[in-house]
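The values are calculated or read from the model by the stated rules, or taken from the named source; none is laboratory data. Note that the structure is a prediction, hence the values are computed from the model and not measured. Cβ coordinates were reconstructed from backbone atoms using ideal geometry, including for glycine residues, and neighbour counts include every protein chain displayed.
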């Protein structure tokens, strides 16, 4: 074995152009020694190793490997993805360096409650996130009951003990609270996934009462994106005052908020309970939001109550959940029985002066009918998705859109309207239809029927 090539044979680094020339010459020299009728295992093994040096895969730049690893790794890394990423780093020193330089691999982590007696190691969490460099960092909490579980009827063991009066599983691990109360790293995004409101509130309260660090410099008080996903399929029990705690503890630094509320049928037995429930977010916090995402099938009253304070909102995404509950509540509240609804109707809708992107989906007729509650003079992009055909849902849907545009005064600013329906499923192409006052409307093309 030629000593000139040992560093290439013992690693996966790419050879220089001069080394490529030298290795090719050596391969040609050794190949000339082989005889078609003779078998020399040692010589063939040497040739195979030399040809490996010339493999095109070794010429792939480190940056490309990093991009490949990013495609192969979830944006938010959980324990399984973490193990996969560590294995990639162990393949070779080149892959290890490529992964370290792909900062987005390390920017977002997902944590779930550990088995009793185990805790996360604070320094490990900090060092992992620190590898993301200057990128925005995110932390996601998730309950130990997954939305993707095959068990449609979770057992008692799947619920947090605080549901039955015990201590919250999230209060047992102080390491997570330390990560959000000490100033080692600043987090841009925090997400609570598939958790009971009480669990979310307990954890958020632990961030506020922590003694370490100055409140003004704690990572929790500087996050900008917050997601509260309490839309768990495992929900059992009603909605009470403790369920409203997370909304009162949203830090004042948040400018982007995503809320997924539990289903109406899971949280309430009677409509009056839903009407009395509160999404108790401080008006000052709502007033500084630039992005809001809301999944709510509790009817428009709750949505309108939030939107009246969102004067700086630029992007709004609204989902109505299951059609039956959303439509029932919508129709029940159209009787003008609530003072808030009556006031909004008299004013022609809530003014959202900076909103430029509006996406409304699910809930059958709700996307079209909801437009009556808002005015958006700066709107540029409107995306409406229904769970039924437009004609059967709202026969006068074009008039409803026209009324919305006139009330909002956005005829000159609107650039794109997308209408989608599950009755058009499977259609990938779209055709554009121009209407007066609209710059563009995108429709999926309905395939022609054959006799």
Is it true that residue 80 is without any contact (Cβ under 8 Å) to a residue 12 or more places away in the chain and assigned to a helix (DSSP H, G or I)? yes
Output yes when any residue across the range 45-64 is within 35 Å of the chain's Cα centre (by Cα) and outside any helix (DSSP H, G or I), and no when none is. yes
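Run down 129, 54, 114 and say which single residue is closer than 25 Å to residue 229 by Cα, in contact (Cβ under 8 Å) with a residue 24 or more places away in the chain and either exposed (fewer than 11 other Cβ atoms within 10 Å of the Cβ) or in contact with a helix residue (DSSP H, G or I) (Cβ under 7 Å, 6 or more places away or on another chain) (or both). Can you show your working first?
Details: 54 fails: closer than 25 Å to residue 229 by Cα; 114 fails: either exposed (fewer than 11 other Cβ atoms within 10 Å of the Cβ) or in contact with a helix residue (DSSP H, G or I) (Cβ under 7 Å, 6 or more places away or on another chain) (or both).
Checking each option against the conditions leaves just 129.
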Testing residue 403 on (1) touching a helix residue (DSSP H, G or I) at 6+ places or on another chain (Cβ under 8 Å); (2) surrounded by 16 or more Cβ atoms within 10 Å (Cβ to Cβ); (3) at pLDDT 80 or above, one condition comes back false. Which one is that? (2)
When residues of the range 222-247 are limited to those that are in a helix (DSSP H, G or I) and within 16 Å of residue 196 (Cβ to Cβ), the one modelled with the highest pLDDT: 247
Taking the conditions exactly as written (surrounded by fewer than 19 Cβ atoms within 10 Å (Cβ to Cβ), at pLDDT 90 or above, over 30 Å from residue 19 (Cα atoms) and not assigned by TED's automatic domain parsing to the domain that holds residue 15), does residue 137 satisfy them or not? no
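Looking only at the range 140-154, which residues are more than 18 Å from residue 227 (Cα to Cα) and either modelled with pLDDT of 85 or more or surrounded by 15 or more Cβ atoms within 10 Å (Cβ to Cβ) (or both)?
Quick first cut of the range 140-154, residues more than 18 Å from residue 227 (Cα to Cα) only: 148-154.
154, the sole residue that qualifies.
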